[in-house]
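What follows is calculated from the coordinates using simple rules that are stated; it is not laboratory data. Computed from a predicted model, the values in this text were never measured in an experiment. FYI the Cβ positions are ideal-geometry reconstructions off the backbone, even for glycines, and counts take in every protein chain you see.
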Amino acid sequence: MKEQQKIQHLYFRACFGIDFNELEQQKDKNLKKVLKEVFEKNSKIKNIEIVEKPKVENRNNLTEQEKRLLRKGSRQKIKNLNIAWLKQMAEPEYALREKMTLFWHNHFACKTQIAYLAQKQNNLLRKHALGKFGDLLHEIAKDSAMLQFLNNQQNRKEKPNENFARELMELFTLGRGNYSEKDIKEAARAFTGWGFDFSGEYVFRERQHDFESKMFLGKTGNFNGNDIIDIILENPQTANFIVKKLYINLVNDKFDEAIVQELATFFRKTDYDIKALLEKIFSSDWFYEQKNIGTHIKSPIELLVHYQKFFGLDFEDDRSWLFIQKVLGQILLYPPNVAGWQEGKNWIDSSSLLFRMTLPDLIFGQIEVDFNSKDDGDADTEGLGKRAAKTLQAKVDWSKITKQFLVHPQEEIAEKLQVWLLSLKPTNILENTQSLSKEVFTKNIIRQLTASPEFQLC
Amino acid sequence: MKRREFLKQSALASVGTWLIPSFLKAFDGQNTNFEGKRLIIIQLSGGNDGLNTVIPFENDIYYNARPRLAIPKDSVLKLNTEQGFHPAMSKMKQLYDEGLLCIFNSVGYPNPDRSHFRSMDIWHTASDSQEYLSTGWIGRFLDTNCEKNCKAFSAIELDDTLSLAMKGEKVKGLAMQNPEKFYKMAKNKKINANISHHHIHENVEYLYKTLTETVSSAEYIYEKNKIQKTNLEYPQNEFGQRLKTISQMIKSNLDIEIYYASLSGFDTHVNQLNTQERLLGMYSEAVYSLVMDLKQSGHLDNTLILTFSEFGRRVAQNASLGTDHGTSNNLFIIGNSLTKKGFYNQAPKLNLLDEGDLKYEIDFRNIYATILKKQLHTSQQSILGKNFEELYFL
């Protein structure tokens, strides 16, 4: 395999693809050096700070009308957060960190109606995206949006609520079958009194906490929530569970048991160092094997980031971004439930595939969209995925795109574009339009390549 | 020129021809006439207020809990001595009077979830409240049936996007607004199955398989679907037209077992009365036309219609002339050969609430299990995972 293809593969999986010029510059470089650069140059932190901290107030004193206005304002702010994040993913200096923030958003899937809390959680995920998994887990367990979403605010000594404890084990760490119902009950007792106040900050309500002895995963003691998390982190199953999910997401949805085992052992030995784990994955030979190239079905968000990144695409009306997310089944900050989005083949059915393959005609052309998103029935999110205009035509600077190819003869351009945009060679016959200007020709080929089934993969 | 040839020669496509491996050769439209049984599923999205749909007009608790929202006894369309329909549902009352309707009260599931998405997921996947499944119950029905009849278009959703209920592991249903639009969209994707292909990844193969199925299904449905005359008036709104499309496809004898359509807007937290009246009227009129249409053409004998919503609403009204998310709800089954007609069970017990919410008495999966066995002739085990007792209504 050519070094260039390996570099492209690395950028597809670790980031959100690579610019054409950069690929041209990097293609003769040593892979190890490129990998080092990815971790140095593409993992900067930029917090999203567009929602101000709300005034401290007791919402119970508000009238229905005031509450409704507040909710409406908050919904708009969450949409703004969605767009701001989507755009930040396309910026190269943050790409690796944002890719992992997206991974953790799907892992610790959470929804909130309070925009400030959504922003706060998002920045928390970003902060630890490449750090220690243990730190991330400890902080997410004290995160207000999560405590609210999984009903821990209602978890009191007299009447424990098991929701958080259950999902902590089933979805966040151990996976089904590695704990008992009794373990859930005992862990729930340890998290009693963990909540948040009106300002959205974590509080420990001592009077609601159960200080008695608990028996959890074979250990006995006066455990609190922190102890429970530490016991979970000592369990080898936690590393297995996280590594397997990462492997499926970053390498191949058919996982290799031996490799997962080896990586899990490494993950535990490094005290759950996410960055070290990623470096190990991306520097291994098996990562670049043919069977792992071009097999990943892009999530709708990955697809949209690719459109931005490759073609500098943007819309007059931001709602177009939300409309496409809705139609394709993935709206940032609105995961379907605590289990997150079902990835891989689940993204593709007849209608989502047709829409993906028609999308280039809609955004690069002027065709009217005869396609609607489904109303999910929730009056609160009504309009979230409503189409903004009759067309989805985007703003694209074609001369800027074409400029990158001016040095190449026309007969090479199609080949160059394909090698840059796709991991696999498409089976379609590109329509030959040699007599056109370079700009029209380039546009034409891009429309054809992005409409291919192969563009849905990377 | 036949449409098939036209499709192959069409030069309108904006993109090139997709060459697909020959082993994925497109499904060829068969000319078999459908003889099996059908199921139509109608989803009322948003959580329809069941207590103002089937009204317990002799119950003081109902009137006390809803001083400004309760439907006055005088205007209730009485079905028996204690329950009756919302006044907008006169057409549904006709179906009831003709013995074509069975009403189930207090349908739900253990540990009810009050989130729209989650509760809808539970109804779609037929999971337990604490369980997350990635396939739907109809999707798993398609999977189970795949050995003898493996076609995506065995299940059609009248919409632009496909619901989780329709997604299986191996087979997923198809979503389309109507055959013409679907065909128009798919025909640009020219495919050519005449190349032999080298080895490809499973996911690439999956994409090409989906594409091929989509294009050939669109072609088959478009060719076989014939405009059928009807003297019945369907409401001009989108929901009415979707049900009309369904009746037309059934009358054209298309090889489709499941049809799915949704009507949304039932999340009535605010000013419920007008909204719900409009929606229930729309539902009632469209369903009546569909049932009569199928009856006149002799297709009702083989067709069953299920109507559900993800949850009911709380018993008491809220401060905004609306109702908030609740738990169990009523559910309708319509068919020509019901063994149980009218009410399946007693009215909900408003004196035995769980923190202001109705307690469920029938798990919806008992109803699914019965439909799977009696209407779709499939064992429930592989679809529902465990055994739910069948109920006696079919």
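Summary of values
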item: Evaluated over chain A, the Cα radius of gyration and Dmax, each in Å; result: 23.7, 81
item: Per-residue average of Cβ from other chains inside 10 Å of A:353-359; result: 6
item: The protein assembly as shown, dipole about Cα centre (Lys/Arg Cβ +1, Asp/Glu Cβ -1), debye to the nearest 20; result: 1000 debye
item: Whole-number percent relative contact order across chain B, with pairs defined as alpha carbons under 8 Å at least 6 apart; result: 30 percent
item: FRET efficiency for B:N64 and B:Q94, using Cβ-Cβ distance with R0 set to 41 Å, rounded to 0.05; result: 0.85
item: A:Q76/A:E49 FRET efficiency (R0 22 Å; Cβ-Cβ; nearest 0.05); result: 0.85
item: Between segment A:70-149 and segment B:254-284, the alpha-carbon center distance in angstrom; result: 35 Å
item: A:Q261 versus B:N274: modelled label distance in nm, points set 7 Å from Cα along the beta carbon direction; result: 6.8 nm
item: Computed helical MRE - 222 nm, chain A, DSSP H runs ≥ 4 contributing -39500 (n - 2.57), nearest 500; result: -15000 deg cm²/dmol
item: Three semi-axes of the equivalent ellipsoid, the protein assembly as shown, Cα gyration tensor, whole Å, largest first; result: 43, 38, 24
item: Assigned charges on the beta-carbon of Lys, Arg, Asp, Glu; segment A:300-456 dipole about Cα centre (debye); result: 400 debye
item: Per-bin percent of Cα-Cα distances, segment B:234-309 [5 Å]; result: 3, 14, 26, 23, 16, 9, 6, 3, 1
item: Kirkwood hydrodynamic radius over Cα pairs of segment B:309-349, then Stokes diffusion coefficient at 4 °C and 1.567 mPa s, in µm²/s; result: 103 µm²/s
item: Spin-label pair A:K159/B:S382, simplified geometry with 7 Å Cα→Cβ offset, distance in nm; result: 4.5 nm
item: Farthest toward positive dipole pole in the protein assembly as shown [+1 Lys/Arg, -1 Asp/Glu at C-beta], among B:Y234, B:A316, A:Q25; result: A:Q25
item: Phi to ³J(HN,Hα) by Karplus 6.51 cos²θ - 1.76 cosθ + 1.60 over segment A:237-246, Hz, x for Gly, Pro; result: 4, 4, 5, 4, 5, 5, 5, 4, 5, 5
item: Phi to ³J(HN,Hα) by Karplus 6.51 cos²θ - 1.76 cosθ + 1.60 over segment A:78-90, Hz, x for Gly, Pro; result: 5, 4, 4, 4, 3, 5, 4, 5, 4, 6, 5, 4, 7
item: Residue of B:F117, B:F153, B:F239 that the Gaussian network model of chain B assigns the largest fluctuation, springs spanning Cα pairs under 10 Å; result: B:F117
item: Farthest positive-ward along segment A:300-456 dipole, Cα basis, beta-carbon charges - from A:L436, A:M357, A:F310; result: A:L436
item: Segment A:L69-A:Q366, extension gain: residue separation times 0.36 nm, minus the distance between their alpha carbons; result: 103.3 nm
item: Segment B:298-338 and segment A:305-349: distance between their alpha carbon centers, rounded to Å; result: 32 Å
item: Simple label model, 7 Å out from Cα along Cβ direction - B:K170 to A:K400, nm; result: 4.9 nm
item: Cβ-derived FRET efficiency at R0 35 Å, A:D19 paired with A:S284, nearest 0.05; result: 0.85
item: Sequence-distant residues sharing a close amide H with A:K27 (under 5 Å, placed H); result: none
item: Which of B:N274, B:T327, B:Q381, positive extreme of dipole for segment B:269-394 (C-beta unit charges); result: B:Q381
item: For segment A:300-456, Kirkwood radius (reciprocal of mean inverse C-alpha pair distance, Å); result: 16.9 Å
item: Contact order relative to length of chain A, as percent, for alpha carbon pairs under 8 angstrom and 6 or more apart; result: 16 percent
